[in-house]
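Note sheet for the following structure.
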Amino acid sequence: MTRILVVDDHPIVRDGLKAVLAIESDFEVVGEAADGQEALAQYQTLKPDLIMLDLEMPILDGIGTLKQLPQDARVLVLTVFDTDERILEAIRSGARGYLLKDSPRDQIFQAIRFIHAGGTLLPSQALTRLVTPREQLTPRETEVLGLMGHGYANREIAEQLLVSERTVKFHVSAVLAKLGAGNRTEAVSLALQQGLIRLADSRS
């Protein structure tokens, strides 16, 4: 079951999303919010698995909300804005996925499940504008990157690879530097775009 928080300043949009999501038995809308401040409060209270987030909202917009959410928050941006600048801003602020509001519902369902499983789903037209790797990743860095792509935290990666968490942090920093990425989500997005990793296998 994926517990979802719907965040949009238009009540009719929130009602529409709730109705569409109710079709799927593995989705549960546990809360809704009309602005970023309300979304942050709801996130702390409800601890949802995923947030569906609009960008244009009063009081605190989507980008501001993303910047204040924990790094491990799984956020699918659902908006009417499809400019590269807006998409890249959302990616760099921590979004795990980015879709337009007129996307087919099956595509929205697929994105929710993919992000909930630890994946990242972002538009390729924006990713091509991000910096390409300046240095080749080592086999260990590629392995760490793959685990990052499946949503593993540093501690979990350390357990998987039988190394210290400090060593993992060193590898993560090296990966970000080599990919020219500002955060883990952006690094995974770049790696997927360039075929450095594949996320076909779900997290076990």
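If you take the residues in region 39-58 that are surrounded by fewer than 17 Cβ atoms within 10 Å (Cβ to Cβ) and modelled with pLDDT under 95, which one is nearest to the chain's Cα centre (by Cα)?
Among those residues, the one meeting the criterion is Glu56.
Can you tell me how many residues in region 143-186 are polar (S, T, N, Q), in contact with a Leu (Cβ under 8 Å, 6 or more places away or on another chain) and either surrounded by 18 or more Cβ atoms within 10 Å (Cβ to Cβ) or under 22 Å from Gly97 (Cα atoms) (or both)?
1
Tally up the residues in region 25-42 that are among the hydrophobic types (A, V, I, L, M, F, W, C) and touching a residue at least 40 places away in the same chain (Cβ under 8 Å), please.
Qualifying residue count for the region: 1.
Of the numbered conditions (1) at pLDDT below 85; (2) in the same structural domain as Val13 (by TED's automatic domain parsing); (3) over 16 Å from Ile4 (Cβ atoms), Asp102 satisfies every one except a single condition; which is it?
(1)
Can you pull out the residues in region 65-83 that are under 12 Å from the mean Cα position of the chain (by Cα) and assigned to a loop (DSSP other than H, G, I, E, B)?
Across region 65-83, the qualifying residues are Leu69, Pro70, Gln71, Asp72, Ala73, Arg74.
Just to be sure before I move on: is Val75 among the aliphatic types (A, V, I, L, M) and surrounded by fewer than 17 Cβ atoms within 10 Å (Cβ to Cβ) in the structure I sent?
Against the criterion (among the aliphatic types (A, V, I, L, M) and surrounded by fewer than 17 Cβ atoms within 10 Å (Cβ to Cβ)), Val75 does not qualify.
Quick one: which residue in Gly64, Gly36 is over 26 Å from His150 (Cβ atoms), crowded, with 21+ Cβ neighbours inside 10 Å, at pLDDT 90 or above and not assigned by TED's automatic domain parsing to the domain that holds Asn183?
Exactly one of Gly64, Gly36 is over 26 Å from His150 (Cβ atoms), crowded, with 21+ Cβ neighbours inside 10 Å, at pLDDT 90 or above and not assigned by TED's automatic domain parsing to the domain that holds Asn183, namely Gly36.
Of the residues Thr65, Thr45, which is in contact (Cβ under 8 Å) with a residue 40 or more places away in the chain and hydroxyl-bearing (Ser, Thr, Tyr)?
Residue meeting the stated conditions: Thr65.
Out of (1) surrounded by 14 or more Cβ atoms within 10 Å (Cβ to Cβ); (2) without any contact (Cβ under 8 Å) to a residue 12 or more places away in the chain, what's the single condition that is false for Ala22?
(1)
The values are calculated or read from the model by the stated rules, or taken from the named source; none is laboratory data. No experiment lies behind these values; they were computed from the predicted model shown. Using ideal geometry, Cβ is built from the backbone for each residue, glycine included, and neighbour counts are taken over all protein chains shown.
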